[in-house]
Amino acid sequence: MVKRLIVIAYLFLLVAWPLFLVGQNTFEGGLDNLRGIVEDPDVVHALRLSLMVAVIAVVINTVFGVGVSLLLVRYEFPGKRLLSALLDVPLSVSPVVVGLSLVLVYGGRDGWFGPALEGAGFQVVFATPGIVMATAFVALPLVIREVVPVLEEVGDEQEQAARSLGANAAQTFWRITLPAIKWGVTYGVVLSLARSLGEFGAVKVVSGNVLGETRTATLVVEEKYLNFDKGGAYAAAFLLALVAVAAIVVVSVLRPRDQS
Amino acid sequence: MSTIQAARPRGARLSRASGLGLGVAMLWFSLLVLIPLTAVVVTASEGGWGHFWDAVTNEQTAAAIRLTVGTAFGVTLVNVVMGTLIAWVLVRDRFFGKRLLEILIDIPFALPTIVAGLVLLSLYGPESPLGVDIHNTRVAVFLAFLFVTLPFVVRTVQPVLAELDHEVEEAAASLGASRFTTFRRIILPSLTPAIAAGAALSFARAVSEYGSLVLLSGNLPMRTEVTSVRILSSIENDNTDSAAAVAAVLLAISFAVIVVLDIIQRRVTRRG
C-alpha cells in the first residue's frame, strides 16, 4: 500500500500534474491561445510541414523496418549480429549529434556529399530533405523493435506451408506474413509517428529554422516561448502533447486486446 | 515440426531477392546513419589528438561533460530504485487506475522533448503553483533527465517480473525467509540483468538529452549547460571541429552503453 502511494505520488508530480498544467495554461483565456495559433499562417505552415515530414519519415521507416526485421529473423548472413546492434544506435545518439552528423555529410558548403548534390540541384541541409532524414534517423529502430519479437513468436511454419503449396514470395508476404505481424507494425507506426512529429534537436540543426519555410511545429514552441508569447507556446505544445498522448493511449488500448 | 527445426536450426540462406533487399537496406542505412556518424569521428580526429584533447578539455566543455555525466549517473540511480518499485507495483498490485499509470509512464517517451521542458516548467518554473522555482538551476537538469528517462527501467523490469515464478518465493517464505530476504535473495538476482539493461538505456538517454533543457535549464555556461547544448553552440558559431570532437565523446559513451547491453543480453540468453 505504501509502495503504491509512493509510485502514484511520484508519477503525479513528475508527469500528470505538469501535463495537466500545460492544458490549463493553454485554455487560460478561453480559446484565444489556440485561435491565435491556428490563425497564424506561419504556425499553420509549420504544423503542415511537421505532419508532412513525419508521414514521409514513417513510410520510409515502416518499409525499411519491416524489410530489415524479416531479413534479421528469417535469414542468416554474415554480420547479422553487428547489424542488429547498429540498428539500435539511433536511440542513444543525441539529437544534436544526429543533426551535426548529417550536416557534416550533406551540408552544402563543405559536407562530404553536399556540394556535389547541390551542384546537381538537390539541397538537403536547410531544406525539407534534411528534415526528413533527421526525423527518419531518430525514429529508425522503433518499427524494427516492435516487429522483430512478433516475427520470432509467430514462427515460419505458415509461410513454409504457403510456399510449399505454390505461393510466390509476394503472395506469402501479403497473405500470410503481414496479417500475422499487423499489430506489431501498427504499434511501430504509431510510436514512430509520435516520435517523428516531436523531433526537435536534430531538426533544429539541419533545418535552418527559416520562418514560413523550414520551421517545424516543435521549433515554433521554442520560438514562441523565447519571444514571450507564452500563450502561443503553450497552445502549440498542447497540440503536440495531444498527439503524443493519443498515440500512447491508442497503443495501450490495442495491445492487451491483441494478447488475450 | 521439431524435425524441421532440427534440420534448419537457423534462418535460411539469402536468395537473390532477399540479398537485393539486404543490399538496398544497407545502402539506405549507410547513407542515413553509418556514413554521417563516421563523418563525426573523422572530423573529430582530423586535427590530430592534440586538437581533439584541447576541444574536449576546454574549461567550459569539460564543465558541461562533468555536469551531464554526473547528473545522468544520479538520475540513473533514482531510476533503478523508482523504476523497479513502479514495475513492482504495476505487476503485483491490482487497483483502480492502474491503466492510467501505465499510460503516464509511456508519455515521456512520446512527448516531444521541447514540450517536456515546457511541461516541467509549468509546475516547477517561475509561475509554479507549488511555489518552487528551479528553472536555470542544476536541479532543472536533474528533473529534465528524470522525466525523459522514466520509462526505461520500468519497461525492461516489468516483463521479467511478470514471468517470475511465484512458487520459488512461496518456498522461500515457507522455509522462514522474511519478505526482505526473499526479495534480496530470490527476486533481486533474477531482476538484475533487466535492471542493468534499463539503467544503461536510461543513462544513454540522459547523456544525450537536449530538447527538454532548452527552456528549463537556462543553459548557463559552467553551471547548467549540458554537453548537447555545448555542441549546438559550437555548430552555431561555425566551429564544426570542436562540435565534432565533443560529439565523438558522446558517441563513445553511446557505443559503450550498446556494448554493455549486448553483453547483458548474451548472458541472459545463455542462462535461458
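Okay, here's what the table says:
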| item | result |
| --- | --- |
| Tally of residues being part of a helix (DSSP H, G or I) and more than 20 Å from B:R16 (Cβ to Cβ) across the range A:70-90 | 7 |
| Matching option when the condition is within 18 Å of the chain's Cα centre (by Cα) and either closer than 18 Å to B:F109 by Cα or surrounded by fewer than 20 Cβ atoms within 10 Å (Cβ to Cβ) (or both), among A:V245, A:V147, A:V253 | A:V245 |
| Helices (runs of 4 or more DSSP H) enclosed by the range B:53-125 - at least 1 residues per element that are closer than 30 Å to A:A54 by Cα and polar (S, T, N, Q) | B:59-92, B:113-124 |
| Filter result for A:E146 (assigned by TED's automatic domain parsing to the domain that holds A:V89, at pLDDT below 85 and not hydrophobic (A, V, I, L, M, F, W, C)) | no |
| Failed item in (1) surrounded by fewer than 20 Cβ atoms within 10 Å (Cβ to Cβ); (2) of a type in the set (K, R); (3) within 20 Å of the chain's Cα centre (by Cα), with A:R195 passing the rest | (1) |
| All helices (runs of 4 or more DSSP H) inside the range A:151-260 with 3 or more residues being within 11 Å of chain B (Cβ to nearest Cβ) | A:157-164, A:178-197, A:201-207, A:217-226, A:230-259 |
| Residue among B:S212, B:S174 that alone is over 25 Å from the mean Cα position of the chain (by Cα) and of a type in the set (S, T, Y) | B:S174 |
| The listed residue being more than 7 Å from chain B (Cβ to nearest Cβ), free of Cβ contacts under 8 Å to residues at least 40 places away in the same chain and either within 24 Å of A:S196 (Cβ to Cβ) or of a type outside the set (G, A, S) (or both), out of A:S101, A:S84 | A:S84 |
| Qualifying position, being assigned by TED's automatic domain parsing to the domain that holds B:A199, modelled with pLDDT under 85 and either farther than 30 Å from B:I107 by Cβ or part of a helix (DSSP H, G or I) (or both), among B:F147, B:F152, B:F183 | B:F183 |
| Which listed residue, of A:P179, A:P141, is assigned by TED's automatic domain parsing to the domain that holds A:V203 and touching a residue at least 40 places away in the same chain (Cβ under 8 Å) | A:P141 |
| Single unsatisfied condition, A:G30 versus (1) more than 11 Å from chain B (Cβ to nearest Cβ); (2) under 30 Å from B:L232 (Cβ atoms) | (2) |
| Hits in the range A:91-133 - residues which are of a type outside the set (A, V, I, L, M, F, W, C), surrounded by fewer than 20 Cβ atoms within 10 Å (Cβ to Cβ) and not in a helix (DSSP H, G or I) | A:G108, A:R109, A:D110, A:G121, A:Q123 |
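One line per residue, one yes/no per condition, for (1) surrounded by 14 or more Cβ atoms within 10 Å (Cβ to Cβ); (2) closer than 27 Å to A:G99 by Cβ:
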site	(1), (2)
B:L175	no, no
B:R185	no, no
B:V226	yes, yes
B:V249	yes, yes
B:A252	no, yes
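Residues checked against (1) small (G, A, S); (2) facing chain A (nearest Cβ under 9 Å):
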{"position": "B:G97", "(1), (2)": "yes, yes"}
{"position": "B:L101", "(1), (2)": "no, yes"}
{"position": "B:P108", "(1), (2)": "no, yes"}
{"position": "B:L123", "(1), (2)": "no, yes"}
{"position": "B:E127", "(1), (2)": "no, yes"}
{"position": "B:F142", "(1), (2)": "no, no"}
{"position": "B:V160", "(1), (2)": "no, no"}
{"position": "B:S174", "(1), (2)": "yes, no"}
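The values are calculated or read from the model by the stated rules, or taken from the named source; none is laboratory data. Quick caveat: nothing in here was measured; it's all calculated off a predicted structure. Here the Cβ is made from the backbone with ideal geometry for all residues, glycine too, and neighbour counts use every protein chain on show.
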